[in-house]
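All remarks here apply to the structure that follows.
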Amino acid sequence: MQTAAGSSVGRLMTGVSRFHNFGLINVVRSERGAAELRKRFPDVRVVATEHPGWTDDVRKAADGRPVSVALDPIGGEMSRSLMELLAPGGKLVSYGMIAEEPLSVHASTLVSKSLTVCGKNIISGWPAESSPERRSSDIATAKQIALTLTEQFDVAATYGLDDLAGAVEHAVRPGKVGTVLIRP
Ligand SMILES: NC(=O)c1ccc[n+]([C@@H]2O[C@H](COP(=O)([O-])OP(=O)(O)OC[C@H]3O[C@@H](n4cnc5c(N)ncnc54)[C@H](OP(=O)(O)O)[C@@H]3O)[C@@H](O)[C@H]2O)c1
């Protein structure tokens, strides 16, 4: 499962999971965002966290299969809920820090299910941490993404350098789809 699934990163991840035929459950915060994702990826299950029973919706979407990995750029309370959903031996991959509150979880959740929590910083960590084989595999995936998922590279808006404040406001606007570009 992945959270913030409607983000630019999340949409590319959905595309990659389809190449490899991974079972994926997309998690978004609103029903509006869920509807948008269903239009793009009709065959991928989507759950909206605005519904109070959303964790049960994830279990239903998993249809009895173990949820083994959670990709999460949110953190905080969301990461805690994801760890509760993970199957024994599961892994939480934390790659963003959207939530302001800290990630707080009782050790029993980790211990009882032998969970792994790992942080990933693709931007600065990837070149140094990856083996040459991993790097060439990742570059092949990036090329595949660039060549085949062209419809997922939405541009939300383009701003000039003289309106950085407007660009920042737009970049964090709820419901924004795509990347905010800044041009000189
Ligand atoms: N670790 C790394 O190397 C790395 C690299 C790239 C990106 N990232 C991280 O990946 C994340 C996505 O980046 P992006 O450029 O793809 O983002 P983006 O297109 O701007 O999308 C942001 C997403 O976050 C959701 N969101 C915002 N605030 C939220 C909240 N409080 N609760 C739940 N969802 C929330 C938005 O949902 P709505 O549609 O509902 O507004 C939207 O889907 C960011 O956190 C970014 O920092 C990390």
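Quick notes
- Annotation: amide H of V117 within the under-5 Å range of L92, sequence separation 5 or more or interchain, hydrogens built in the peptide plane.
- Residue-wise HN-Hα coupling along segment 72-83, computed from phi with Karplus coefficients 6.51, -1.76, 1.60 (Hz; x: Gly, Pro): 9, x, 8, x, x, 4, 4, 4, 4, 4, 5, 5
- Between segment 123-184 and segment 11-29, the alpha-carbon centres lie 17 Å apart.
- For the chain, accessible area per residue (1.4 Å probe, heavy atoms of protein chains only), Å²: 59
- For segment 91-184, GluC sites (Glu not before Pro) are listed when DSSP marks them as loop and at most 13 other Cβ atoms sit within 10 Å of their Cβ; the list is E100.
- Carbon plus sulfur fraction of accessible area for segment 1-152, probe 1.4 Å, in percent: 58
- Note on R32 and R18: their simple-model spin labels are 2.4 nm apart, each label 7 Å out from Cα toward Cβ.
- From helices alone, the chain scores -13000 deg cm²/dmol at 222 nm; the rule is -39500 (n - 2.57) for each run of n ≥ 4 DSSP H residues, then divide by the residue total.
- Packing, as the average of other Cβ atoms within 10 Å across residues, places the peptides 28-35, 177-184 in the order 28-35, 177-184, highest first.
- With θ taken as phi - 60° and the Karplus curve 6.51 cos²θ - 1.76 cosθ + 1.60 applied, the whole-hertz 3J(HN,Hα) list for segment 47-55 is 10, 9, 7, 5, 8, x, x, 5, 5 Hz, x standing for glycine and proline.
- T150-K39 pseudo-label distance in nm [points 7 Å out on the Cα-to-Cβ vector]: 2.1
- Listed cross-link partners K60/K91; K113/K143; K39/K113; K39/K176; K91/K176; K39/K143 are compared with a 27 Å cut-off, the Cα-Cα value being larger for K113/K143; K39/K113; K91/K176.
- Other-chain or far-sequence residues with amide H under 5 Å of I182's (modelled H): Y159
- In order along segment 31-44, phi translates into HN-Hα couplings of 5, 4, x, 5, 5, 4, 5, 5, 5, 6, 10, x, 8, 10 Hz, rounded to whole numbers, per the Karplus curve 6.51 cos²θ - 1.76 cosθ + 1.60 with θ = phi - 60° and x for Gly and Pro.
- The simple Förster model, with R0 at 35 Å and r as the Cβ-Cβ distance, assigns D163 and I139 a FRET efficiency of 0.50.
- Within segment 1-41: backbone nitrogen closer than 11 Å to the E50 label point (7 Å, Cα to C-beta): 29-36
- Put simply, the amide H of V47, placed in the peptide plane, has neighbours under 5 Å in N26, V27, V28, leaving out anything fewer than 5 places away on its chain.
The values are calculated or read from the model by the stated rules, or taken from the named source; none is laboratory data. Note that this is a predicted model, so its numbers are computed, not measured. Glycine gets a Cβ as well: all are built from the backbone with ideal geometry, and neighbour counts include every protein chain shown. For the accessible areas, the whole protein counts, side chains as well, though only heavy atoms, and no ligand, DNA or RNA atoms are used. Shrake-Rupley method; radii C 1.70, N 1.55, O 1.52, S 1.80 Å.
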